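The values are calculated or read from the model by the stated rules, or taken from the named source; none is laboratory data. A quick note: this is a predicted structure, and the numbers were derived from the prediction, not measured. Ideal geometry is used to build each Cβ from the backbone, glycine not excepted, and the neighbour counts take in all protein chains shown.
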Amino acid sequence: MPVADSVTVRNTVAYAIEQAESAAREGQQQVSLHLVAVASTRAVDPDAQTELGQAKDLLDRIEVWLDEDLGADPPSNLDIELGVIGADRYLFSPGDYADAILAYADEHSIERVVLDPEFNPGGTTPMLRPLEVELVRGDIEVETAPVERPARSTALARAATLPKYLAIFGASYLFYLLLSSYKPLDFLTGAITATIVTALLAPIAFSRQPSLTRIPRQVARFAMYVPYLLKEIAIANLEIAYVVLHPSLPIDPKMVELEAAIWGDGAVTTLANSITLTPGTLTVSVSERAFDIHSLTGSAREDLFDGGLERAVRFVFYGREAAAIPSPRERGQGDDDGTVEGDISDPEVADDD
Amino acid sequence: MTPLEWGIVALALVGAFFAGVASIGIVRLPDVYTRAHAASKSDTLGAVLGIAAAALAIQTDLATIKAVFLLTFMFLTNPTAAHAIARAAQDQGIEPWTAGDEEGKS
């Protein structure tokens, strides 16, 4: 069972232990239960220390739960192992997670994977269903633990919390006052308006808890990103102007596919929009991390696969360390002949994920 | 003319130039995808430079702030619209034009 911190991890662990225990009591053969935390960054990265620390914390807690659940008299043919997997590579997509889990299962001849219904190591993006689909590839039984979940809000509306209320109230009040004429009445009407906006939007405005440390940092990094983006836009616009005004119209349009090393709704949206804004490239469709991009000229494609924008977006959302991930070209994408235009021109294929 | 006025004129002219490039691009480029390029980007830059010129020219605090918001929203919404158009085209199964196709066929 892969474990990650979630509201239901406790119950899922209990379920897995119960299953393993009853299997061990029924039969004579050895039953082993492996509880593994899946690390998404490589152990050599600066971020990984925090992540590994959290994983160790979780495993420590699980060990306590094991003692509670198994009681004083555990069956002798049941052995339980705790571990961390995936610390030797980057895991981004559900597919990557599935690969890591399947490889581990293969190695230890595990027959069955129990999933926590709230298993979501990727952060904001829902993970479970694609992960299940990917796991089915392997020759292994996959089961989502039938545990009670706390009432779960839909993907759009989430429980509003005080930090969310404060963040939205502050932002909308500020916005109102900026556009007002700074009379005393404006402060009153602004407060009323901001209250209404907050009541309406607080449940849907954030996908994660706003944090006083993360958001200012992201905003600051975004402020550093904007001049870079403007510069790229200006340069690339001149190129496009040259191409469009050139008598022989020297264009070489092509569809290319980019598998971006980013994760999360905000980052993907920002990258897609930035790609579109940078002339010469136009995001046509996005599914998960795969971008279909229409490029107008060869040099625009070069820039795209050099990964400057992708790196910058990673810097904005995940910080400096993440910017060091290799560019798309170094990851083996974007051969000079424009890669995979063949199967992209067929929308049936391109949209199939 | 003051330097500020020169700046306003320069911004407006460059903006008009890129808006013109966008229009010419829409006429000259061969298919829906390449035209979306011209319509989304050169046009964004043209409009944004125009608004920036206006912001400098008006020079009252409030209107300038509003103009800056306008700039921001242009940058956010224009690529989204272009993406929607290109995606719709892809869903319709329109093949992108490539340099190998007949010249002049559109």
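Some observations on this one:
- Candidates are the residues of segment A:164-190 that are surrounded by 15 or more Cβ atoms within 10 Å (Cβ to Cβ) and more than 14 Å from every other protein chain (Cβ to nearest Cβ); the one that is nearest to B:L70 (Cα to Cα) is A:Y173.
- Any hit, segment A:301-318, residues being hydrophobic (A, V, I, L, M, F, W, C) and without any contact (Cβ under 8 Å) to a residue 40 or more places away in the chain: no
- In segment A:105-164, the qualifying residues are those that are assigned to a loop (DSSP other than H, G, I, E, B), of a type in the set (G, A, S) and closer than 26 Å to A:D79 by Cα, and the one that is modelled with the highest pLDDT is A:S109.
- Which listed residue is more than 30 Å from A:L177 (Cα to Cα) and within 12 Å of the chain's Cα centre (by Cα), from B:A47, B:A22, B:A84, B:A88: B:A22
- The residues listed here are A:A234, A:A205, A:A199; of these, the one that is within 14 Å of chain B (Cβ to nearest Cβ) and either more than 29 Å from A:L296 (Cβ to Cβ) or at pLDDT 80 or above (or both) is A:A234.
- Those residues of segment B:64-101 which are under 25 Å from A:P250 (Cβ atoms) and surrounded by fewer than 19 Cβ atoms within 10 Å (Cβ to Cβ), in sequence order: B:I85, B:I94, B:E95, B:T98, B:A99, B:G100, B:D101
- Of residues in segment B:52-90 being more than 26 Å from B:H37 (Cβ to Cβ) and polar (S, T, N, Q), the one farthest from the other protein chains (Cβ to nearest Cβ): B:Q59
- Verdict on B:G25 being at pLDDT 80 or above, more than 10 Å from chain A (Cβ to nearest Cβ) and buried (at least 19 other Cβ atoms within 10 Å of the Cβ): no
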